[in-house]
1. I'd like the full set of residues that are in contact (Cβ under 8 Å) with a residue 40 or more places away in the chain and more than 17 Å from GLU248 (Cα to Cα), limited to the stretch 99-130.
2. Please go through the stretch 20-71 and pick out each residue that is charged (D, E, K, R) and within 27 Å of ASP160 (Cα to Cα).
3. Check off (1) in a loop (DSSP other than H, G, I, E, B); (2) touching a residue at least 12 places away in the same chain (Cβ under 8 Å); (3) over 17 Å from THR233 (Cα atoms) for PHE46 and give me the number that stays unchecked.
4. Is it true that ALA103 is among the small types (Gly, Ala, Ser), within 15 Å of the chain's Cα centre (by Cα) and under 20 Å from VAL220 (Cα atoms)?
5. For the stretch 97-120, enumerate the residues that are polar (S, T, N, Q), under 15 Å from ASN204 (Cα atoms) and outside any strand (DSSP E or B).
6. Mind listing just one residue for me: the one in the stretch 132-180 that is in a helix (DSSP H, G or I) and aliphatic (A, V, I, L, M) and, of those, farthest from the chain's Cα centre (by Cα)?
7. Which condition number in (1) modelled with pLDDT under 95; (2) part of a helix (DSSP H, G or I) is the one that ALA10 fails?
8. Among the residues of the stretch 43-71, write down those that are more than 23 Å from LEU118 (Cβ to Cβ), hydrophobic (A, V, I, L, M, F, W, C) and in contact with an Asp or Glu (Cβ under 7 Å, 6 or more places away or on another chain).
Amino acid sequence: MLRRAGSLVAKVLSKLKEEAKPGVSTGELDSIALDMTRQAGATALFKGFPCPYMDKPFPGAICASVNEELVHGIPSKKRILKDGDILSIDFGIKLNGYCGDSAVTFGIGQIAPDRQKLLDVTQQLLDIAIQQMAPGVKWSVIAGEMEKTAKEAGFSIVKDYVGHGIGTEMHEDPKVPNFVSRDLLRDDIVLKEGIVLAVEPMVNMGKAGVRTLSDGWTVVTKDKKCSAHIEHTIAVVNGGSEVLTARE
């Protein structure tokens with residue numbers, strides 16, 4: 001059931017990446033995602049999600065975050081994509097009682113080399129997790145390698161937001177950081193067969209600091225430099241891991 005939910009998420013994100021071009025609005029992409037979700041008999045998990053800061057539920061089926069926006073960007077017909085932008089789309093659904101959650105960041109048209117490097121390194125961090133996840137492995141070992149790789153590339157890991165367990169609910173225990181902290185070392189996650197995690201490295205081109213805009217949702221970098229966010233729902237299986245939201 002988790003594979004089916006993950007497959008639908010992957011299908012929608014692939015379609016959105018195909019449609020996201022200069023001149024297209026993030027609101028148009030949101031409409032496509034919502035239509036595909038409803039046609040599949042699923043529920044868009046983000047739409048109507050309560051805001052922790054104010055009485056303003058999230059209005060979209062997708063989070064569409066552009067350039068210095070890290071996560072929770074509100075899709076809008078007024079937000080028109082331009083050549084050279086980078087776009088992060090985060091999307092989650094529930095299908096027959098089980099959840100899928102994934103995010104992708106990619107360039108619109110031709111992007112600057114430093115922005116491409118940011119995307120490549122963020123993908124590299126997620127690849128490290130996919131390759132190293134297996135029964136018996138401590139998450140701190142994986143998180144340490146992810147953090148080291150980002151720093152060596154000259155980038156910063158965002159510490160305000162982390163990944164999470166996922167199953168019949170979108171956000172389940174444990175919290176899954178992309179960095180090593182005292183809390184993680186004190187209460188490390190030892191991976192076991194059957195555990196399913198939403199692993200989502202968030203990497204800033206500049207410093208790690210972020211803030212939330214007055215809309216109560218959109219999170220941006222404090223230094224206004226670009227950010228990237230890539231996520232997969234990943235199951236720990238015998239001998240390794242299985243990406244449940246893999247895109248073709």
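The values are calculated or read from the model by the stated rules, or taken from the named source; none is laboratory data. The structure presented is a predicted model; accordingly, all values stated were derived computationally and were not measured. No Cβ is skipped: glycine too gets one built from the backbone with ideal geometry, and neighbour counts run over all protein chains shown.
1. CYS99, ILE108, GLY109, ASP114, ARG115, LEU118, LEU119, VAL121, THR122, LEU125, ALA129
2. ASP30, LYS47, ASP55, LYS56, GLU68, GLU69
3. Answer for PHE46: the failing condition is (3).
4. yes
5. Within the stretch 97-120, just GLN116 meets the criteria.
6. This residue is VAL141.
7. Unmet condition: (1).
8. ALA61, the sole residue that qualifies.
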